[in-house]
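The values are calculated or read from the model by the stated rules, or taken from the named source; none is laboratory data. Quantities reported herein were computed from a predicted structural model and do not represent experimental measurements. Counting neighbours? That spans all protein chains shown, and the Cβs are built from the backbone with ideal geometry, glycine included. Surface areas here come from the heavy atoms of the whole protein model, side chains and all, with no ligands, DNA or RNA. Shrake-Rupley method; radii C 1.70, N 1.55, O 1.52, S 1.80 Å.
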Amino acid sequence: MRLQEYWGIGPKTAELLEGELGVERAIGAIESADIRTLAAAGLSRGRATRILRRATGAKGLKLLATGDARAVYDDLLDLAAEAALTAHAADRIRVLTPLESQETAGERLDRVERATEALEGLDEDDREAVVDAFEQYDDASESRRAAVDAAIALRDVSIADDADGGTFERLAAVDEPALQAAATALGSVEGGVLESEDDDGLTVSEGADQRLDSLRAELAAVQRLDDAALDVLETVRGRGVRSLEEFQRAVVAYVAEESGVTESEVRAAAPDDARDETDFVTATLRSLVEELESRVADREAAVAEDIRDAIDAAGADVEAAVDAVDALAFELSLARFAVAWDLCRPELVEDGLAVCNARNLFVEDPQAVSYGVGAHAVNCGELTPPNGDRVAVLTGANSGGKTTLLETLCQISLLAAMGLPVPADAAEVGAFTTVVFHRRHASFNAGVLESTLRSVVPPLTGEGRTLMLVDEFEAITEPGRAADLLNGLVDLTVTRGALGVYVTHLAEDLSPLPPEARVDGIFAEGLTDDLRLQVDYQPRFGTIGKSTPEFIVSRLVANAANRDEREAFRSIAVAVGEEAVQRTLSDAEWEN
């Protein structure tokens, strides 16, 4: 396969990757979602992430119909990646995409659920041992030796012995004695890294073979003497030798003493026809260096062959360990994400979207809400959403959490589509082919209206099931016409068999809604003692919410910078109901 066949890789990018990595390694990095390798080759991490998402899940990305939906998707994966146990696991999480079928999503949910149960089943010491094993693996740049060490460490965790289909089952099937032998063999390779099975140029590390270590030490010592041959000459001369024969014997003894090489080995390297003392010293040392280099090379080749034989003998187990450790890092990272955010497994259904006590992952300490649209079977007690409505028109107070609720529903829909647990106590999520999430945009011109309609309407015309989550459509056109447009969107949503939640302040201006639509409301309940707006974020089903502007005006009166400003806000209070404003201030225990 050519690099340019991948989305986002043109001639220049292909040339860069081929030059830095080679075609085979670059393709391997793409297919294994290795962002780190692509980034090290010169791509930005953002560019690498986009390429890998398209390479591994281009069809699933069609679910994200709008820029706002894609922004939620990006933020969700960044949040999940924070729980990753290794850098590669984080990369794999960041390139997750919505899956093409609920069956595939269900299979991933099964794996994440098993991993979560396994993680929660560990005691504190075992959980720390698991984290430590992956940290060491990550610190060693995920080498094969590090993978084998991590596999051995993870097998020591009691749950690793299970063979009943649990998360650690793949490790239980690996031959531990073979792994121990492989660890020893890989530890004999310089840096503990064997780049590939075809790497014949491996360097044997110190400590792997005593004889090789001794030869290397002798060679290093003789090389130092050879580099300082004139010093050797002067040192021997200084010992008071009187003849060439006596000088030669003294050189042999000195070199043997300084290098650890036996005198017989030094003598065997000495020339028989040296012209003088200088010639004898330099020729002896040069010949001895060459002899020792040859011995070191021969010994290293023999030891390397033994190491490779040991590695090859455990090859299948080493590969199984590498695969198992990478898979465990990924699945346990997702489990850590689920545990950290108290996520639950959603029920994947054909139609409908309903949640009990759902929480927005991007909001600190959010109020849980229960909500739904379409057919569902969730039971939230008194807060169980109505069943069967195709559209909900959501109304209510400013800063009342309406947009946050839309975003929460978007988060839950996307997580479920990726086969991940969701932030709720219970959830049913339909088989959506398109999610339209559109935030309120504070622009008021024809261009914005046209681009918005181009964004939100076409998904309602295609095949499959669309989820519409649209926020304050009236913000992009004049109020009178906005109500007509919103009516049209609601009717189109129902006609096309889609589901929708539309946030608006124009509920009372809408013409009679179709019977498949309902109106819900969020209510502000007053001001707190410190004059913050107090809102019940749980929508009331079948009721139009009120914006209650007296609460906002009351706060402005109370926080006025001076008397003139306060009087100006009091004049506004008359317009919205001075009595209501005064009562609100009194309830908040405000004193003039």
About the Cα centre of region 82-176, how large is the charge dipole given +1 on each Lys and Arg Cβ and -1 on each Asp and Glu Cβ? Please answer in debye to the nearest 20. 520
Selected from Ile35, Ala354, Ile544, residue furthest toward positive end of dipole (the chain; charges at beta carbon): Ile544
Burial ranking of peptide ranges 481-488, 293-300 (average Cβ count within 10 Å, highest at the top): 481-488, 293-300
Quick numbers on region 13-98, Rg and Dmax over C-alpha atoms in Å, give 13.1, 37
Quick one: length gained pulling Arg496 to Arg540 fully straight, 0.36 nm per residue minus the C-alpha distance? 13.2 nm
Asp213: net charge of surrounding residues, Cβ under 11 Å, Lys/Arg +1, Asp/Glu -1, itself excluded? -1
Inter-site label distance for Glu277 and Asp227 at 7 Å from Cα along Cβ, in nm: 2.5
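What is the sum of charges, Lys and Arg at +1 and Asp and Glu at -1, for the other residues whose Cβ falls under 12 Å from the Cβ of Leu61?
On the way: positive: Arg50, Arg53, Arg54, Lys59, Lys62, Arg70; negative: Asp74, Glu100.
Net of charged neighbours comes to +4.
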With every protein chain in place, region 41-129: carbon and sulfur % of accessible area (1.4 Å): 39
Find the centroid of the Cα atoms in region 386-429 and in region 447-520, then give the distance between the two in whole Å. 17
Non-local residues with an amide H under 5 Å from the amide H of Val204, with H modelled 1.01 Å from N and Pro and chain starts lacking one, are Glu190
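How long is the gain from Lys62 to Ala316 if the chain were fully straight, where each residue apart is worth 0.36 nm and the alpha carbon distance is subtracted? If you can, show how the numbers build up before the last one.
On the way: separation 254, 0.36 × 254 = 91.44 nm, distance 3.88 nm.
Full-extension gain reported as 87.6 nm.
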Quick query: amide H of Val393 versus all other amide H atoms, modeled in the peptide plane; which residues come in under 5 Å with a sequence gap of 5 or more or a different chain? Tyr502, Arg518, Val519, Asp520
Averaged per residue, the 1.4 Å probe accessible area of the chain, protein heavy atoms only, in Å², is roughly 47
Taking the simple approach of a point 7 Å from Cα along Cα-to-Cβ for both Glu20 and Arg50, what is their distance in nm? 1.6
Quick one: if you stick a label point 7 Å off each Cα along the C-beta vector at Arg2 and Asp425, how many nm between them? 5.8
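Only helical DSSP H runs with n ≥ 4 go in: add -39500 (n - 2.57) per run for the chain, normalise by residue count and round the 222 nm mean residue ellipticity to 500 deg cm²/dmol.
Numbers: 23 runs with 316 residues, N = 592.
Value at 222 nm, helices only, nearest 500: -17000 deg cm²/dmol.
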What ³J(HN,Hα) values, in whole Hz, does the Karplus curve 6.51 cos²θ - 1.76 cosθ + 1.60 give for region 257-264 when θ = phi - 60°, with x put for Gly and Pro? 5, 7, 10, x, 6, 5, 4, 5
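Provide the FRET efficiency to the nearest 0.05 for the Ser451-Asp156 pair, computing r from the beta carbons and using R0 = 60 Å.
Calculated transfer efficiency: 0.55.
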Listed residue (Thr408, Ala105, Ala48) projecting farthest to the positive dipole end of the chain, Cβ model: Thr408
Set the Förster radius R0 to 35 Å, insert the Cβ-Cβ distance between Gln180 and Thr104 as r into 1/(1 + (r/R0)^6), and round the FRET efficiency to 0.05. 0.40
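Using a Förster distance of 35 Å, how high is the FRET efficiency between Gln136 and Ala297, based on the Cβ-Cβ distance and rounded to 0.05? All intermediate terms of the calculation are to be shown ahead of the outcome.
Numbers: r = 33 Å, r/R0 = 0.95.
After rounding, the FRET efficiency stands at 0.60.
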Amide H contacts of Thr66 (H built 1.01 Å from N, under 5 Å, at least 5 apart or other chain): Phe437
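Ranked highest first by the average count of other Cβ atoms within 10 Å around their residues, in what order do 46-57, 329-340 fall?
So the order, starting with the most tightly packed, is 329-340, 46-57.
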Say a paramagnetic label sat at a point 7 Å from the Cα of Ser214, along Cα to Cβ; which residues of region 279-311 have their backbone N under 13 Å from it? none
Quick test of your reading: applying the under-4.7 Å Cβ rule, which cysteines of the chain are isolated? Cys344, Cys410
At a Cα cut-off below 13 Å, give the aspartates and glutamates reachable from Lys12, other chains included and same-chain residues fewer than 8 away excluded. Glu20
Region 360-368 - phi-based ³J(HN,Hα) in whole Hz, Karplus 6.51/-1.76/1.60, Gly and Pro as x: 7, 6, 9, 10, 6, 6, x, 7, 6
Taking 0.36 nm per residue of sequence separation and subtracting the Cα-Cα distance, how much length would be gained by fully extending the chain between Glu350 and Asp564, in nm to one decimal? 71.0 nm
To the nearest 20 debye, what charge dipole does the chain have about its Cα centre, counting +1 at the Cβ of each Lys and Arg and -1 at the Cβ of each Asp and Glu? 3160
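Just order 423-434, 509-520, 266-277 by mean Cβ neighbour count inside 10 Å, highest at the front, would you?
Highest to lowest by the protection proxy: 423-434, 509-520, 266-277.
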